[in-house]
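The values are calculated or read from the model by the stated rules, or taken from the named source; none is laboratory data. The shown structure was predicted, so the numbers you read here are calculated from the model rather than taken from an experiment. Cβ: placed from backbone, ideal geometry, glycine included. Neighbour counts: every protein chain shown. Just so you know, the surface numbers come from the protein's heavy atoms only, side chains and all, with ligands and any DNA or RNA stripped out. Shrake-Rupley method; radii C 1.70, N 1.55, O 1.52, S 1.80 Å.
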Amino acid sequence: MSFTTCLIALSLILTVALGDITPQCHMTAAYPPDPSRILPEYVINLDDEPSKRWNEPIEKYKEGIDKMLGLFFKSKIIQDLAKIIEVDSKMILARMPSDYAQEMESIAKIVNLTISEIIIYNMAYEVFGLCTSIVAQDTTGHVYHGRNLDFGLWPAINWTDFQWDLTDDLRPILFKANFTQNGEVLYRSVVFAGYVGLLTGVRQNAMTISIDSRFDDNYDKYLIDWIEHPDDKSSFTSFMTREAIEKYDNWDDAVNFMGNTSTIGPSYVITGGVNKNEGAVLTFGPNMTLFDKWTIPEAMPVNNSAQPPFYVLETNYDHWTPAPFYDDRRGPGEACMNEVGSKGVSWYTLFNVLNGLPNRNRLTTYTALMDSATGDLQAYYQYCDVPECFPPW
């Protein structure tokens, strides 16, 4: 039975048991979280040789990386990918941005893993992930960006605590990275140790970026196609976003760069800028450039004469189609944002929306809040261990 089929079957049971499933807001006053949930910080100096940039945090987290990958490689999808990548690892590295390839080689040496294992780890988000991202502006046009990153829906679950084992192994290797150049912070990011792409990041006076997986039924097909076609110039989405935030000092140029980059697999890039209405969900298809650009002025809420559109919200499904009933995190998130309104947009309300169920779920590893005007990034370990965190995702 496929993963999607299992989700549908479980959700049908829940629908019968719970009755009405009309999306409702479950926001509570949760900001600020306890200080113990603030992620630690490290400096990644881009002026250093790529082989040395990550040494300090990787030395700190190498045992955690090894433990997490030990579980990660129990997945059948990952095992099948490993057989292919082990044969072509040198060729695959040569097709990646040179700095990123050298960074991965260094990480593999420190953790005492094969380069194939680190390559697969850095491909993981291209295969499967769950998330919620929101870019919203207040009544003055000030832009805020918040995201939950959910990951770990395989290969094992702890039935005693009903928590996903991979999610539990990922949290301890999280940290906040301040990327510096010429002695100044160029951008900030939230990082899983050993992963060199950019899933969440902010560059002051320029942009905020987050990536959400775009679900389909192919999982690893596009990766395998890319590996088997050496002339394919498509990019990993998280490498594309890191290049964008490193190279461009304004939102328009970064969006244009990403929009003209072909990505290996389907994905969503959610991005905010500094100026009013600079917020968008960029939808990418496999092996193609930008498929759809959904901006704040045409987004949410719709058909509301009392409240012009002020936000975009993305989970893991195309905004122009209904979210599936078995995984509707969009509806509750939109209900909360519509309740907040543009007059109430702030880090306080954005965190509380993301903290609401089911946007916060058993797969949520962290919540991040970003502001491109100030360059600030707040990031917190996130958990969902109350009985209401059911279904399991």
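The set of residues in the range 348-393 that are more than 17 Å from the chain's Cα centre (by Cα), among the hydrophobic types (A, V, I, L, M, F, W, C) and either under 14 Å from Leu39 (Cα atoms) or open to solvent by 40 Å² or more (accessible area, probe 1.4 Å) (or both) comprises Val386, Phe390. If you go through the range 33-45 and pick out every residue that is open to solvent by 20 Å² or more (accessible area, probe 1.4 Å) and either more than 17 Å from Tyr366 (Cα to Cα) or not aliphatic (A, V, I, L, M) (or both), you end up with 9. If you go through the range 161-203 and keep only what is over 18 Å from Ile134 (Cα atoms) and assigned to a loop (DSSP other than H, G, I, E, B), you end up with Asp161, Phe162, Asn182, Gly183, Ala193, Gly194, Tyr195, Val196, Gly197. Cβ separations smaller than 9 Å between residues 6+ apart or across chains give the following pairs from the range 249-268 residues that are within 27 Å of Pro230 (Cα to Cα) and in contact (Cβ under 8 Å) with a residue 60 or more places away in the chain to residues that are assigned to a helix (DSSP H, G or I) and charged (D, E, K, R): Ile264/Glu126; Ile264/Asp225; Gly265/Glu126; Gly265/Lys221; Ser267/Glu126. Could you list, in sequence order, the residues of the range 208-217 that are closer than 19 Å to Tyr121 by Cβ and surrounded by fewer than 24 Cβ atoms within 10 Å (Cβ to Cβ)? Answer for the range 208-217, where residues must be closer than 19 Å to Tyr121 by Cβ and surrounded by fewer than 24 Cβ atoms within 10 Å (Cβ to Cβ): just Ser213. Flag set for Phe179, criterion: among the aromatic types (Phe, Trp, Tyr), buried (at least 20 other Cβ atoms within 10 Å of the Cβ) and at negative phi.
Among the residues of the range 185-207, those that are hydrophobic (A, V, I, L, M, F, W, C) and either under 12 Å from the mean Cα position of the chain (by Cα) or open to solvent by 10 Å² or more (accessible area, probe 1.4 Å) (or both) comprise Val185, Leu186, Val190, Val191, Phe192, Leu198, Leu199. For the range 295-305, state whether one or more residues are under 25 Å from Phe151 (Cα atoms) and touching a residue at least 40 places away in the same chain (Cβ under 8 Å). The answer is no, given that none of the residues of the range 295-305 is under 25 Å from Phe151 (Cα atoms) and touching a residue at least 40 places away in the same chain (Cβ under 8 Å). Might you let me know whether the range 280-302 holds any residue that is of a type outside the set (Ser, Thr, Tyr), under 19 Å from Val190 (Cα atoms) and either touching a Lys or Arg at 6+ places or on another chain (Cβ under 9 Å) or buried (at least 18 other Cβ atoms within 10 Å of the Cβ) (or both)? No - not one qualifying residue is present in the range 280-302. Exactly one residue among Ile84, Ile115, Ile134 is at pLDDT 85 or above and crowded, with 21+ Cβ neighbours inside 10 Å, and that residue is Ile134. Note on the range 59-144: enclosed helices (runs of 4 or more DSSP H) holding 2 or more residues that are in contact with a Leu (Cβ under 8 Å, 6 or more places away or on another chain) and either free of Cβ contacts under 8 Å to residues at least 40 places away in the same chain or closer than 22 Å to Leu199 by Cα (or both) are 98-111, 115-127. If Val274 satisfies every condition in (1) of a type in the set (A, V, I, L, M, F, W, C); (2) open to solvent by 10 Å² or more (accessible area, probe 1.4 Å); (3) within 19 Å of the chain's Cα centre (by Cα); (4) more than 30 Å from Ile227 (Cβ to Cβ) but one, which is the exception? All conditions are met except number (3). Pick from the range 220-260 the residues that are touching a Gly at 6+ places or on another chain (Cβ under 6 Å) and open to solvent by 10 Å² or more (accessible area, probe 1.4 Å): which of them is nearest to Trp294 (Cα to Cα)? Only one residue tops the list, namely Trp251.
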